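Structure first, commentary second.
The values are calculated or read from the model by the stated rules, or taken from the named source; none is laboratory data. Please read these numbers as outputs of a predicted model, since none were measured by experiment. Here the Cβ positions follow ideal geometry from the backbone for every residue, glycine too, while neighbour counts run over all protein chains shown.
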Amino acid sequence: MDTQSPTTLLYATDSYLRTFEARVVATEGHAVALDQTAFYPGGGGQMADHGELIVDGRRLLVAGMSKRDGIVWHELAGDADEELPTVGALVTGEIDWPFRYRMMRTHTALHLLCGLIFREYGAQVTGGQMYPDRARMDFSVQAMTPDFVHDVERSVNDAIVADHPIKVYQLPRAKAMKIPDLIRTKINLLPPEITEIRIVEIVGVDLQADGGTHVHSTREVGGVKALRTENKGKQNKRMEIALVDDGDTVS
Ligand SMILES: [Zn+2]
């Protein structure tokens, strides 16, 4: 049993991978670690994936995820006496794609939102979180007027239609520390042992150090609508957005 090597994160280089094969490298109660995985363990405001691990034709539900010391754990649902996969077993993983794809569209929408709000108003992000049906982001601004919200919503939807490509790549830390857009997003707060930084770039709009999964082009986001704003303090305002799906219209 080798729990020392970190899990290979297949989603980090191919966010569209839905099924994969892997070997069990460790088990701990109902949690299973694999040599590689396409399941996103959660983090950076993006919710963890769920889905199934298929072992000898049996479908085991992945009900929760966690990541500790570079190892991704797939927490299986089910009762205690159910037979769990053993170390060395070959498994097929299948992520819940409709859920993941919504997360990818939502995550890219949030990066558009913070990139545009910074470019147009100079406002910094102070926090954010995605949910299955919406997302929120907090900004360091004194006020969010209805005009501001309307203008931001229109800017985001214009950027979606403009079909900006999204590139994901690694940069050496020293190089990343020289890019103003990255410094703005406080990459200096990343632990010093991280020497390679994963960059998500919405070409022409936003550049961030980010570990999440994104769509390939902004057009895939479809469209967004602003749901509501909330006062979180004198210099901190929250905006909630949702994806616009079939049947919805942008206000
Ligand atoms: Zn992000």
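Points worth noting:
- Some residue of segment 181-200 being under 22 Å from Ser155 (Cα atoms), outside any helix (DSSP H, G or I) and in contact with a Lys or Arg (Cβ under 7 Å, 6 or more places away or on another chain): no
- Residues satisfying the stated conditions in segment 17-63, i.e. more than 16 Å from the ligand (Cβ to nearest atom), within 22 Å of the chain's Cα centre (by Cα) and among the polar types (S, T, N, Q): Thr19, Gln36, Thr37
- Candidates His214, His150: the one that is more than 16 Å from the ligand (Cβ to nearest atom), outside any strand (DSSP E or B), in contact with a strand residue (DSSP E or B) (Cβ under 9 Å, 6 or more places away or on another chain) and in contact (Cβ under 8 Å) with a residue 24 or more places away in the chain is His150.
- Failed item in (1) out of contact with any helix residue (DSSP H, G or I) (no Cβ under 9 Å at 6 or more places or on another chain); (2) free of Cβ contacts under 8 Å to residues at least 24 places away in the same chain, with Gln142 passing the rest: (2)
- Only a single item in (1) free of Cβ contacts under 8 Å to residues at least 60 places away in the same chain; (2) surrounded by 14 or more Cβ atoms within 10 Å (Cβ to Cβ); (3) under 25 Å from Thr229 (Cα atoms) is not met by Gly122, and it is number (2).
- Of the residues making up segment 175-188, none is out of contact with any Pro (no Cβ under 9 Å at 6 or more places or on another chain) and under 23 Å from Tyr16 (Cβ atoms).
- Restricting attention to segment 5-16, the residues that are away from the ligand (no atom under 16 Å from the Cβ) and either surrounded by 20 or more Cβ atoms within 10 Å (Cβ to Cβ) or not charged (D, E, K, R) (or both) total 7.
- Unique match (being in contact (Cβ under 8 Å) with a residue 40 or more places away in the chain and either under 30 Å from Met137 (Cα atoms) or surrounded by 18 or more Cβ atoms within 10 Å (Cβ to Cβ) (or both)) among Val87, Val91: Val91
- Selection from segment 105-136 of residues that are within 18 Å of Glu153 (Cβ to Cβ) and among the small types (Gly, Ala, Ser): Ala109, Gly115, Ala123, Gly128, Ala135
- Of the set (1) buried (at least 19 other Cβ atoms within 10 Å of the Cβ); (2) in a loop (DSSP other than H, G, I, E, B), all apply to Gln142 but (1).
- Where strands (runs of 3 or more DSSP E) fall entirely within segment 12-73, those with at least 2 residues that are in contact (Cβ under 8 Å) with a residue 60 or more places away in the chain and more than 19 Å from Met103 (Cα to Cα) are at 19-28.
- Positions within segment 91-125 being under 16 Å from Gly233 (Cβ atoms) and either within 14 Å of the ligand (Cβ to nearest atom) or modelled with pLDDT of 95 or more (or both), in sequence order: Val125
- Residue in segment 219-233 that is at pLDDT 90 or above, basic (Lys, Arg), assigned to a loop (DSSP other than H, G, I, E, B) and surrounded by 14 or more Cβ atoms within 10 Å (Cβ to Cβ) present: yes
- Subset of segment 89-139 (residues that are over 19 Å from Pro41 (Cβ atoms), among the charged types (D, E, K, R) and not in a loop (DSSP other than H, G, I, E, B)): Arg105, Arg119, Glu120, Arg136, Asp138
- Among residues of segment 173-204 being under 23 Å from Asp151 (Cβ atoms) and within 13 Å of the ligand (Cβ to nearest atom), the one that is surrounded by the most Cβ atoms within 10 Å (Cβ to Cβ) is Ile202.
- Looking across segment 4-19 at every residue that is at pLDDT 95 or above and among the small types (Gly, Ala, Ser), the one that is farthest from Leu34 (Cα to Cα) is identified as Ser15.
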